[in-house]
Amino acid sequence: MSGLIAPGATLSARSLATELLVSAQPVRDALKRLEADGVLLGKPQSGFFLHNLTVSEYREIAQIRMRLEGLAVRRAIEHIAPAKIIKLKEINERIGRSDKPQDYLSENYRFHFSIYEEARMPALLAIIENLWMRVGPAWHHHPYDYNLAETRRKHEAIIDALERRDADAAEASLAYDISDATEKVVVKLPPG
């Protein structure tokens with residue numbers, strides 16, 4: 001999900017099992033599950049490959065994310081406590097201090113999912129997580145010269161809308177965050 005493994009990279013159950021110090025069967029089962037979820041492509045006698053999303057595939061997932069994550073942020077407004085708002089502000093501060101891509105990706109995930117968990121819709125949360133897993137490999141291509149201050153401003157708009165309990169503004173701010181990030185990612189993806 002974090003984009004650490006490049007799209008198209010081969011994943012072998014045996015080598016992953018050796019690296020993780022576990023038997024190959026549970027790793028193979030996990031890889032098959034990721035294949036069923038659309039994250040990996042399985043090729044007989046070759047192993048598994050991280051799916052290299054095309055521009056149109058990424059944009060399709062981004063549109064779905066905007067709808068589903070918009071629903072999650074709307075529902076979160078009904079439940080979010082002031083302590084969670086404070087936590088979101090702290091996470092956003094850490095995003096502003098991220099000096100490594102992995103730190104940014106981890107904190108960005110934490111920010112978004114801290115909100116979505118407040119929706120109290122476990123099935124929706126699982127679907128959103130699957131979508132993030134599908135786009136994660138594309139983040140390997142994300143141009144990491146992004147503007148941290150701009151990211152923080154986009155997140156501040158979401159936090160402000162949550163604080164005001166303004167569902168329309170929260171959903172619009174979230175949609176802008178996703179669409180803006182999409183435009184930065186798709187420039188590095190294969191056409192199609």
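Before moving on, here are some points about what is shown:
- Of note, ARG14 does not satisfy the criterion of being in contact with a helix residue (DSSP H, G or I) (Cβ under 7 Å, 6 or more places away or on another chain) and closer than 28 Å to TYR176 by Cα.
- Test set (1) free of Cβ contacts under 8 Å to residues at least 12 places away in the same chain; (2) not assigned by TED's automatic domain parsing to the domain that holds SER173 - SER46 fails condition number: (1)
- Qualifying residue in region 16-31 (condition: touching a strand residue (DSSP E or B) at 6+ places or on another chain (Cβ under 7 Å), modelled with pLDDT of 90 or more and either outside the structural domain of SER179 (by TED's automatic domain parsing) or exposed (fewer than 12 other Cβ atoms within 10 Å of the Cβ) (or both)): yes
- Checked against (1) at negative phi; (2) in a loop (DSSP other than H, G, I, E, B), VAL185 passes all but a single condition, namely (2).
- Any hit, region 35-48, residues being surrounded by 14 or more Cβ atoms within 10 Å (Cβ to Cβ), within 20 Å of the chain's Cα centre (by Cα) and in a helix (DSSP H, G or I): yes
- Scanning region 53-92 for residues that are touching a Lys or Arg at 6+ places or on another chain (Cβ under 8 Å), over 15 Å from LEU125 (Cβ atoms) and either not in a helix (DSSP H, G or I) or not hydrophobic (A, V, I, L, M, F, W, C) (or both) yields LEU53, ASN92.
- Among the residues listed as ALA138, ALA170, the single one being more than 24 Å from LEU50 (Cβ to Cβ), assigned to a helix (DSSP H, G or I) and of a type outside the set (Asp, Glu): ALA170
The values are calculated or read from the model by the stated rules, or taken from the named source; none is laboratory data. Computed from a prediction, not measured in an experiment: that's the story for all the values here. Note that we place each Cβ from the backbone using ideal geometry, even for glycine, and neighbour counts take in every protein chain shown.
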